[in-house]
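The values are calculated or read from the model by the stated rules, or taken from the named source; none is laboratory data. The shown structure was predicted, so the numbers you read here are calculated from the model rather than taken from an experiment. Don't worry about glycine lacking a Cβ; one is built from the backbone with ideal geometry, like all the others, and counts go over all protein chains shown.
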Amino acid sequence: MSFISVFDVLGPNMIGPSSSHTAGACVIAGLAQKMLGSAIKRVEFTLYGSFARTYQGHGTDRALLGGIMGFSTDDTRIAESFEIAERKGLEFSFKTNEEEKEVHPNTVDINMIGQDNRVMVVRGESLGGGKVRIVRINQVDVDFTGEYSAVIVIHQDRPGVAAHITKCLSLHNVNIAFMRIFRETKGCTAYTIVESDGCLPEHITEELQENSFVHDVMLIQS
């Protein structure tokens, strides 16, 4: 028998009419901007399915833009996110893709360019009740929810890297809730995602990057 929390019934604290189209959209964008790890100067949102058909009426566009600027789901500034982004000098655009059908109905691709010219594309799905799933990072299929603190390690698919990651976390007494490895193909780029039910030490990123096969580390505190 599955457990249902009262929060699954009531839904999240939020601004907007829909937990999936507004709150979920805000959460996805918030996770995306944390993954980029730098101030964003340009962002393009591509919406699919139900998102594509109703994004203006349900405030999905404003919620996505608010999330990219770090607003929480109950932040009243979401209603003015367009105006705030323009004042900040953040370039943004929205487009729809209703041709691609093999996607979750509430799906968005977020293409970000940072002030340091770093580029990242994140695909997220809004599952309802404010819950989300990140399913793609830079063309590599992944799977995590953002409900836990997470460290995402981008590395070459080589023996010993996973052991290096777990050793670094163990030295700081990090309790691992989930650990999964996703890769393009054998020997190519891999993403190791480790989720913890506790706060992750900020300096863990430097220690993880001491391995020569590690290209980048993203830290996302829940």
Given (1) more than 23 Å from Gly37 (Cβ to Cβ); (2) out of contact with any Phe, Trp or Tyr (no Cβ under 9 Å at 6 or more places or on another chain); (3) part of a strand (DSSP E or B), number of the condition Ala163 does not satisfy: (3)
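Within the stretch 180-214, count every residue that is within 17 Å of Gln139 (Cβ to Cβ) and either touching a strand residue (DSSP E or B) at 6+ places or on another chain (Cβ under 6 Å) or not in a loop (DSSP other than H, G, I, E, B) (or both).
9
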Boolean, Gly130 is touching a Lys or Arg at 6+ places or on another chain (Cβ under 8 Å) and closer than 21 Å to Gln33 by Cα: no
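Only one of Gly146, Gly124 is in a loop (DSSP other than H, G, I, E, B), surrounded by 15 or more Cβ atoms within 10 Å (Cβ to Cβ) and touching a helix residue (DSSP H, G or I) at 6+ places or on another chain (Cβ under 7 Å). Can you tell me which? Walk me through how you get there before you give the answer.
On the way: Gly124 fails: in a loop (DSSP other than H, G, I, E, B).
Step by step, each of Gly146, Gly124 is checked, and only Gly146 is in a loop (DSSP other than H, G, I, E, B), surrounded by 15 or more Cβ atoms within 10 Å (Cβ to Cβ) and touching a helix residue (DSSP H, G or I) at 6+ places or on another chain (Cβ under 7 Å).
Looking only at the stretch 94-152, count how many residues are among the basic types (Lys, Arg) and in contact with a Phe, Trp or Tyr (Cβ under 8 Å, 6 or more places away or on another chain).
Quick first cut of the stretch 94-152, residues among the basic types (Lys, Arg) only: 95, 101, 118, 123, 131, 133, 136.
Then keep just the ones that are in contact with a Phe, Trp or Tyr (Cβ under 8 Å, 6 or more places away or on another chain); that gives 95, 133.
The qualifying residues number 2.
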Test: residue in the stretch 52-63 that is out of contact with any helix residue (DSSP H, G or I) (no Cβ under 9 Å at 6 or more places or on another chain), loosely packed, with under 15 Cβ neighbours inside 10 Å and farther than 21 Å from Pro105 by Cβ: no
Residues of the stretch 165-197 that turn out to be under 14 Å from Ser212 (Cα atoms) and surrounded by fewer than 20 Cβ atoms within 10 Å (Cβ to Cβ), as a count: 1
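One line per residue, one yes/no per condition, for (1) of a type in the set (Val, Ile, Thr); (2) closer than 14 Å to Cys26 by Cβ; (3) modelled with pLDDT under 95:
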residue	(1), (2), (3)
Ala79	no, yes, yes
Gly89	no, no, no
Val108	yes, yes, no
Met112	no, no, no
Asn138	no, no, yes
Filter result (in contact with a strand residue (DSSP E or B) (Cβ under 7 Å, 6 or more places away or on another chain) and in a helix (DSSP H, G or I)) within the stretch 36-55: Leu36, Gly49, Ser50, Phe51, Ala52
Residue check, Gly130 in contact with a Pro (Cβ under 8 Å, 6 or more places away or on another chain), at positive phi and not polar (S, T, N, Q): yes
Extreme residue, surrounded by the fewest Cβ atoms within 10 Å (Cβ to Cβ), among residues of the stretch 127-136 that are modelled with pLDDT of 95 or more and out of contact with any Asp or Glu (no Cβ under 7 Å at 6 or more places or on another chain): Arg136
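So that you can scan it fast, the table gives a plain yes or no per residue for (1) in a strand (DSSP E or B); (2) of a type in the set (Val, Ile, Thr); (3) crowded, with 17+ Cβ neighbours inside 10 Å:
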| position | (1), (2), (3) |
| --- | --- |
| Arg77 | no, no, no |
| Glu80 | no, no, no |
| Ala85 | no, no, yes |
| Phe92 | yes, no, yes |
| Lys95 | yes, no, no |
| Glu100 | no, no, no |
| Asp109 | yes, no, yes |
| Met112 | yes, no, yes |
| Asp116 | no, no, no |
